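Data block below; observations after.
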Amino acid sequence: MRTLAVALLTVATVCLMTQAIIGKTVVSVHFIDVGQGDAILIDYGQYELLIDGGPEGSTVAGYVERYVNGVLDVVVATHMDADHIGGLDEVFDDFVVQDLWVNGSSATTNVYDSFRTAYVAEGCVVHTARRAETIELGDLRLEILHPAALSAEENENSIVTALAVYGWSFLFTGDIDQSVENDLRLQGILPNADILKVAHHGSNASSASTFLEAISPRISVISVGATNQYGHPVVDVLNRIGCAAEGSWIFRTDVHGTVIISVDDEGKAYYTTEKGVDPIVAGCSSSAPPVQPPHTGFEIYRVEAVAECITLRNAGSEPADLGGWWISDGEGTDGAEASHETG
Ligand SMILES: [Ca+2]
Ligand SMILES: [Ca+2]
Ligand SMILES: [Zn+2]
């Protein structure tokens, strides 16, 4: 039976005595806060795969740099919209990229031209993703569920991938809409994903109840910009998640910042959020949005993996009692008590 261990990082300065979370982690999936857009890094030791690069000017390349060992093994550009490929030319500038997967579509935009120029100059191996193919990352495999063929609507051409690792499964959906969701469901190829990257930043045109019920996610992650012009994520989508999977967790990059979900070699999963905010508990209600916890005011200030130190600071104006909080590497044996230090 799988457990969801929770690494609570809401403490002041804590140094673990033995192994840090990172020491036992097998795979970390980073939902990078890029504002309105998508960028997801899968870090598997020396292997890395980046799904989308956020909009132009997002600092994805700088973020990813901390995790890339040697070459950046795989880049997946889900579709050719600017909020997904805008930051990728910088990635091609900064890293040696080995393999690129595209959907085979094009766009008449400057952003697309820059992207194409950058990957052609990079000289990486370019693959066109189609259903039933697999993307290899070391000995991990991402199954391509979509597209089977291209359509006229670019969002519907988003590459959809599924990853299973140590008993946990992830579903990455790009910006697919409900017509694609229905197709995946009716094809019978939807995984019972534990972690769902909610399609299209929480747009109402995506995340049909039937799709969410078929998956019944334990964690839904919405990559979305604060005060975006589209009203994403719409309250109805949050409610549909809550009704399909009541009590499940929702992370939003506008609320939580970058969200990291890690799986260790014992099949335990952990989450870390940049802003130290608790997950939102999804509720089923026709009138009220899901309960959202108050911001604790704490944020991760510095992570030193080698020294096994995590420094957090209280960005809020109120002092906070940290009694009862603890931090662990997941074993529960060498966790350190929080020191009472605020300010
Ligand atoms: Ca790495
Ligand atoms: Ca690598
Ligand atoms: Zn998008």
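Overview of values
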{"item": "Considering residues of region 81-95 that are away from ligand 1 (no atom under 16 Å from the Cβ) and more than 19 Å from the chain's Cα centre (by Cα) only, the residue nearest to Val180 (Cα to Cα)", "result": "Asp89"}
{"item": "Count of residues meeting criterion [at pLDDT 95 or above and small (Gly, Ala, Ser)] in region 41-58", "result": "3"}
{"item": "Residues that are surrounded by 20 or more Cβ atoms within 10 Å (Cβ to Cβ) and within 16 Å of ligand 3 (Cβ to nearest atom), drawn from region 76-89", "result": "Val76, Ala77, Thr78, His79, Met80, Asp81, Asp83, His84, Ile85, Gly86, Gly87, Leu88"}
{"item": "Test: residue in region 25-34 that is modelled with pLDDT of 95 or more, crowded, with 18+ Cβ neighbours inside 10 Å, in a helix (DSSP H, G or I) and not charged (D, E, K, R)", "result": "no"}
{"item": "Residue check for Ala152: more than 16 Å from ligand 2 (Cβ to nearest atom), hydrophobic (A, V, I, L, M, F, W, C) and free of Cβ contacts under 8 Å to residues at least 12 places away in the same chain", "result": "yes"}
{"item": "All positions within region 203-247 that are part of a loop (DSSP other than H, G, I, E, B) and crowded, with 23+ Cβ neighbours inside 10 Å", "result": "Ser206, Ser207, Pro217, Ser223, Val224, Pro233"}
{"item": "Search result, residues across region 49-75 that are within 16 Å of ligand 3 (Cβ to nearest atom), farther than 12 Å from Leu137 by Cα and not small (Gly, Ala, Ser)", "result": "Ile51, Asp52, Pro55, Glu56, Val60"}
{"item": "Among the residues listed as Gln36, Gln46, the single one being of a type in the set (S, T, N, Q) and within 16 Å of ligand 3 (Cβ to nearest atom)", "result": "Gln36"}
{"item": "Meets criteria (within 26 Å of His30 (Cβ to Cβ), in contact with a Pro (Cβ under 9 Å, 6 or more places away or on another chain) and aliphatic (A, V, I, L, M)) for Ile135", "result": "no"}
{"item": "Some residue of region 90-104 being among the aromatic types (Phe, Trp, Tyr), at pLDDT 95 or above and either within 14 Å of ligand 3 (Cβ to nearest atom) or surrounded by fewer than 22 Cβ atoms within 10 Å (Cβ to Cβ) (or both)", "result": "yes"}
{"item": "Subset of region 51-68 (residues that are more than 11 Å from ligand 1 (Cβ to nearest atom) and either in contact with a helix residue (DSSP H, G or I) (Cβ under 8 Å, 6 or more places away or on another chain) or not aliphatic (A, V, I, L, M) (or both))", "result": "Asp52, Gly53, Gly54, Pro55, Glu56, Gly57, Ser58, Thr59, Val60, Ala61, Gly62, Tyr63"}
{"item": "Among the residues listed as Ser223, Ser206, Ser262, the single one being of a type in the set (S, T, N, Q) and without any contact (Cβ under 8 Å) to a residue 60 or more places away in the chain", "result": "Ser206"}
{"item": "Members of region 52-75 found to be surrounded by 23 or more Cβ atoms within 10 Å (Cβ to Cβ), touching a residue at least 40 places away in the same chain (Cβ under 8 Å) and away from ligand 2 (no atom under 15 Å from the Cβ), listed by number", "result": "Asp52"}
{"item": "Qualifying residue in region 194-201 (condition: more than 25 Å from Gly167 (Cβ to Cβ), modelled with pLDDT of 95 or more and within 16 Å of ligand 3 (Cβ to nearest atom))", "result": "yes"}
{"item": "Among residues of region 257-276, those that are part of a strand (DSSP E or B) and farther than 19 Å from Ala164 by Cβ, counted", "result": "3"}
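The values are calculated or read from the model by the stated rules, or taken from the named source; none is laboratory data. What you see is a predicted model, and the numbers here were worked out from it, not measured in a lab. For neighbour counting, all protein chains shown are included, and Cβ atoms are generated from backbone atoms with ideal geometry for every residue, glycine included.
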